[in-house]
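Laboratory data are not the source of any read-out in this text; all were calculated from the coordinates shown. All of these numbers come straight from a predicted model, not from anything done at the bench. Cβ: placed from backbone, ideal geometry, glycine included. Neighbour counts: every protein chain shown.
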Amino acid sequence: MTSSPSAAQHLRDLARLRRVRDRIDREYTQPLDVEALARGVHMSAGHLSRQFRLAYGESPYSYLMTRRIERAMALLRRGDLSVTDVCFTVGCSSLGTFSTRFTELVGVPPSVYRRDAARATAGMPPCIAKQVTRPIRNREAPTPEPDLA
């Protein structure tokens, strides 16, 4: 006996969600929006957003921004690009939005990260540096303690 129609539909939806996630991973530097992602897998934008959040714990936009911030962190660690150059290189069109999201995920502004990250990961293989500096999703970055002295 084969699986029920609802189970088969669920598996098809999961496959489409993986295609969306894979597309975001590949095309994060391109202008992507939920409507375009949804059209690519023949879903409505609302349905895609709900199902993506159920499957991956965050919205497609949040996942896209996390990918962009991860790549930005790697570029900032190199130290040869300005924050503005990195912002546009990773596909963000607004420096303000980029800086705000970067600070939410990483806990420090991109300029501070650029200044301090190269020293913190000096001599570390890039694959290890990526793991230990991975951004924290969903605004879970620790907030710095205020200096009351």
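In this structure, residue 7 and residue 35 have a Cβ-Cβ separation that, at R0 = 25 Å, corresponds to a calculated FRET efficiency of about 0.30. About its Cα centre, the stretch 48-131 has a charge dipole of approximately 120 debye under the convention of +1 per Lys or Arg Cβ and -1 per Asp or Glu Cβ, with nothing else charged.
Please list, by residue number, everything in the stretch 31-66 whose backbone N is under 15 Å from a paramagnetic label point 7 Å out along Cα→Cβ of residue 94. Under 15 Å, as judged by backbone N against the label point of residue 94, lie 32-34, 61-62, 65 of the stretch 31-66.
Panel values: the stretch 5-61, Kirkwood radius from alpha carbon pairs, Stokes-Einstein at 10 °C and 1.306 mPa s, translational diffusion coefficient 140 µm²/s.
Starting from the Kirkwood radius over alpha-carbon pairs of the stretch 65-132, derive D by Stokes-Einstein at 20 °C in a medium of 1.002 mPa s and give it in µm² s⁻¹. Stokes-Einstein gives a translational diffusion coefficient of 182 µm²/s. Picking from 56, 37, 7, whose Cα lies most toward the positive end of the charge dipole for the stretch 5-61 (charges on Cβ: Lys, Arg +1; Asp, Glu -1)? So the residue furthest toward the plus end is 7.
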